[in-house]
């Protein structure tokens, strides 16, 4: 039997805690390392896993945590520089295949990848984007990005002056690289077909290639 | 402001120093006194340590903030020294200097000896005050131990406990930068002279000398 893949999470704050819990549920062998012994006790009491009281930038502590056997090292402390050093040690000293660093300063994402970190997660940037997405911008809201910005799933709100109000889907003149996924009318979800008529007040969900989004949006809301 | 004459034997450098505790401010003052252009980057109160004898610029900001480093003139820096009290900050700052700004000589103070050795192996210039301190203490103890002989110890000769990465290599293959050379080895209490094929074991001490082997 193939042994479980080992993920070492550096930093046992909120992100580290919930990440470790989820990875454990998904069948990884997970350990957490945190500098604060009290935090370590709390995590090991609540999650059934090995928690190391140590410093992810200390080679001895990393050795003790079995870093050389780790498939993933995920550094999610609140300190960008600490996450960088932990990932560089994991990568270059212990030969870990995949290192992921959390960055708080969005400007560090590209730098860290140049410095050998495999992936960066910018929590600040994500929070900003989520807030922006929560505010509908002229009838459209981004719900999800597919791939590294290859396609988007968007929600469109049909206003009274929308060119789609009272028009059947087949007559909307939608561009080719898009698909209507669902229409919400009140609390009812319908999966639109060619003869489905869009009405004022509907919320329409659609998937489109990024370059097609403006044309898609123009057909549904009239905006650009 | 009194003009300091530039030392005629060295070129005038544009040096940036991050961190202004005792180490950083000491280096800043020393370089400034030699006539170099010095800029100090640090946040908050420690900056006052620069004090007298320093006539360079002070930039208030974090040394891992690209905009702060740009403001300090990193693009034209000949030398960058990261000397804050935080190893990780220094390591990141130096890598920014090299990768983002193309600074040729960028040096990080790393207090953890093992971390220092790791980053030195990665090609980063490092200084470890802890190791310097340990070596100084050992040298002092050594001088005490030999003082009944009445002579003066030759600092060009030393015995160094083999670091883990030397174990298993032959004497001739040890990565010792010239002009220092291995001249022998102490293994399990026995002293062996120069034998190029002799393998270094754990706990062995390598005898080092500056200059030619005979």
> Average projected area of the Cα convex hull of chain B, in nm²?
Replying inline: 15.2
> Spin-label point model (7 Å from Cα, Cβ direction): what's the residue A:98 to residue B:210 distance in nm?
Replying inline: 5.2
> What order, most packed first, do the peptides A:26-32, A:6-12 have when packing is the mean number of other Cβ atoms within 10 Å of each residue?
Replying inline: A:6-12, A:26-32
> When only C-alpha pairs under 8 Å and at least 6 residues apart count, what is the relative contact order of chain B, in percent?
Replying inline: 13
> Considering the Cα trace of the range A:21-93, what is its radius of gyration and what is Dmax, both in angstroms?
Replying inline: 11.9, 33
> So what is the relative contact order for chain A, in percent, with contacts set as C-alpha pairs under 8 Å and at least six apart?
Replying inline: 13
> Mind checking the log10 I(q)/I(0) for the range B:66-178 at q = 0.12, 0.13, 0.14, 0.21 Å⁻¹? Debye, one equal scatterer per Cα, no solvent, two decimals.
Replying inline: -0.60, -0.68, -0.75, -1.13
>> Over 10 Å intervals from 0, what percent of Cα-Cα pairs in the range A:6-136 sits in each interval?
In response: 14, 45, 32, 8, 1
>> Can you sort B:166, B:194 from fewest to most other Cβ atoms within 10 Å of each residue's own Cβ?
In response: B:194, B:166
>> I'd like to compare A:88-99, A:162-173: which one has the highest average count of other Cβ atoms within 10 Å, and what's the full order after that?
In response: A:88-99, A:162-173
> If you count, for every residue in B:110-122, the Cβ atoms of partner chains within 10 Å of its Cβ, what is the mean?
Replying inline: 3
> Hey, what number do you get for the protein assembly as shown at 222 nm if only DSSP H runs of n ≥ 4 count, each worth -39500 (n - 2.57), divided across all residues, to the nearest 500?
Replying inline: -8500 deg cm²/dmol
>> Nearest 5 percent is fine: what portion of the DSSP beta bridges confined to chain B is antiparallel?
In response: 45
> Taking the simple approach of a point 7 Å from Cα along Cα-to-Cβ for both residue B:154 and residue B:99, what is their distance in nm?
Replying inline: 4.6
>> Kirkwood hydrodynamic radius, computed over distinct alpha-carbon pairs, for the protein assembly as shown: how many Å, to one decimal?
In response: 26.9
> What angle do you read, to the nearest 10 degrees and between 0 and 90, between the alpha-carbon axis of helix B:22-33 and the longest principal axis of chain B?
Replying inline: 70
> Can you work out the FRET efficiency for the pair residue A:134 and residue A:177, with r the C-beta to C-beta distance and R0 = 22 Å, to the nearest 0.05?
Replying inline: 0.25
> How many times 2.2 N^0.38 Å is the alpha carbon radius of gyration of the range A:160-224?
Replying inline: 1.01
> Semi-axes of the equivalent ellipsoid of chain A: what are they in whole Å, largest first, if each equals the square root of 5 times a C-alpha gyration tensor eigenvalue?
Replying inline: 46, 18, 16
>> Output the 0 to 90 degree angle, nearest 10, between the alpha-carbon long axis of helix B:87-99 and the longest principal axis computed from the alpha carbons of chain B.
In response: 70
> Among B:99-105, B:75-81, what's the highest-first ranking by average C-beta atoms within 10 angstrom per residue?
Replying inline: B:75-81, B:99-105
> Per the Cauchy relation, a quarter of the hull surface: what is the mean projected area of the convex hull of the alpha carbons in the range B:155-214, in nm²?
Replying inline: 3.8
> Rounded to the nearest 0.05, what FRET efficiency is calculated for residue A:145 and residue A:45 with R0 set to 41 Å and r the Cβ-Cβ distance?
Replying inline: 0.65
>> Among DSSP bridges having both ends in the range A:23-162, what percentage is antiparallel? Round to the nearest 5.
In response: 35
> Between residue A:69 and residue B:55, what FRET efficiency comes out of the Förster formula 1/(1 + (r/R0)^6) with R0 = 35 Å and r the beta carbon distance, rounded to 0.05?
Replying inline: 0.05
>> Averaged over its residues, how many other protein chain Cβ atoms are within 10 Å of peptide A:115-124's Cβ atoms?
In response: 1
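Throughout, read-outs are computed from the coordinates displayed, never taken from laboratory work. Here the structure is a predicted model, which means the values were calculated and not measured. So basically every Cβ, Gly included, is an ideal-geometry build from the backbone, and we count neighbours across all protein chains shown.
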